[in-house]
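This report refers to the structure that appears directly beneath it.
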Amino acid sequence: MPELDVLAWVLLVVAGFAAGWVDAVVGGGGLIQLPALLLVPGIAPVQALATNKVGSIMGTSTSSITYARRVQPDFTTAGPMAVAALAGAVGGAVLAARIPAAAFRPIILVVLVAVFVYTLLKPSLGDRTRLRWEGNRHRVTAAMTGLVIGVYDGVLGPGTGTFLVIALVGVLGYAFLPASALAKIVNFATNLGALIFFVPAGHVIWHLGLAIGAANLMGGYLGARMAVARGSRFVRVVFVVVVGALILRLGYDVVTGG
């Protein structure tokens, strides 16, 4: 792999910081970080995906701790959801080398457009927590949701945190702020699950991963503190912006075949 110049390193670090901030607030930092890695000369897509996970797990670890201290998320939801998501991410990472990401993009794009429109048409969505189920039904639904999104994270990745927030708000009935807090814990598990496969396989480029990871960590810390300070309304606004960006990005990929 060619040596990177100073400007390229600066762009990667800035991308890592921005990704960490976005990820901490509402997920979707991979929209920024993964494309930046794909611009590195000589890097293979699977290497970019694996290296992106190193940066992301450093950021999600910090934002998870910040949220745990300040929001005190429901660990009866986070526990089964995170365990199932970790297992799904391991399986998804294995599939990533066998199934082209393009096969998933049209389906994901349709889902995102539906979520975007529904969120805009329903301003009260996610303003406060109204859990739809309790007890075992709640935990099983959370675990199944985590499993499906975990597989997606292992295969493709960008927008995983956003999909977790979508599920926690739209399916389980959480407000945006606690949903974002729970999403970070589960997203940490999906990143770990993917790395369980990617690290032994030798796909991680460590000097790039640790550099963007340090920047992602700082962005994640600031993003989590800002989300806690400003509440669910702020998180909802960022959520709409990120989902819109994700729609544009995936739409472009579908049209161009990228």
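All of the numbers you see were taken from the coordinates with simple rules; none came from a lab. Only a predicted model underlies this, so the values are computations on that prediction, with no experimental measurement involved. Using ideal geometry, Cβ is built from the backbone for each residue, glycine included, and neighbour counts are taken over all protein chains shown.
The table that follows gives values for the structure above.
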item: The chain: most fluctuating residue of VAL40, VAL243, VAL13 per GNM, C-alpha cutoff 10 Å; result: VAL40
item: For ALA24, net neighbour charge (Lys/Arg +1, Asp/Glu -1) across residues whose Cβ lies under 14 Å away; result: +4
item: Neighbourhood charge, 13 Å Cβ-Cβ cut-off, centred on LEU208 and excluding it, Lys, Arg +1 and Asp, Glu -1; result: 0
item: With at most 12 neighbouring Cβ atoms within 10 Å, loop trypsin sites (Lys or Arg not before Pro) (DSSP) excluded, longest segment of the chain; result: 133-258
item: Rounded to 10°, Cα long-axis angle of helix 206-256 versus longest principal axis of the chain; result: 80 degrees
item: Tail beyond 22 Å, pair distance distribution of the chain (Cα, percent); result: 50 percent
item: Cut-off 17 Å, label 7 Å out along Cα→Cβ of TRP9, residues of region 40-82 by amide N; result: 40-41
item: Contour excess over end-to-end distance, with Cα ends at VAL255 and ARG128 and 0.36 nm allotted per residue; result: 42.0 nm
item: Sparsely packed chymotrypsin sites (Phe, Trp or Tyr not before Pro) within region 109-148, loop by DSSP, other Cβ within 10 Å at most 14; result: TRP133
item: Radius 14 Å from Cβ of LEU172, net charge of other residues (Lys, Arg +1; Asp, Glu -1); result: +3
item: Whether region 120-209 is rounded, prolate or oblate, judged on the alpha carbon gyration tensor where a/c under 1.5 counts as rounded; result: prolate
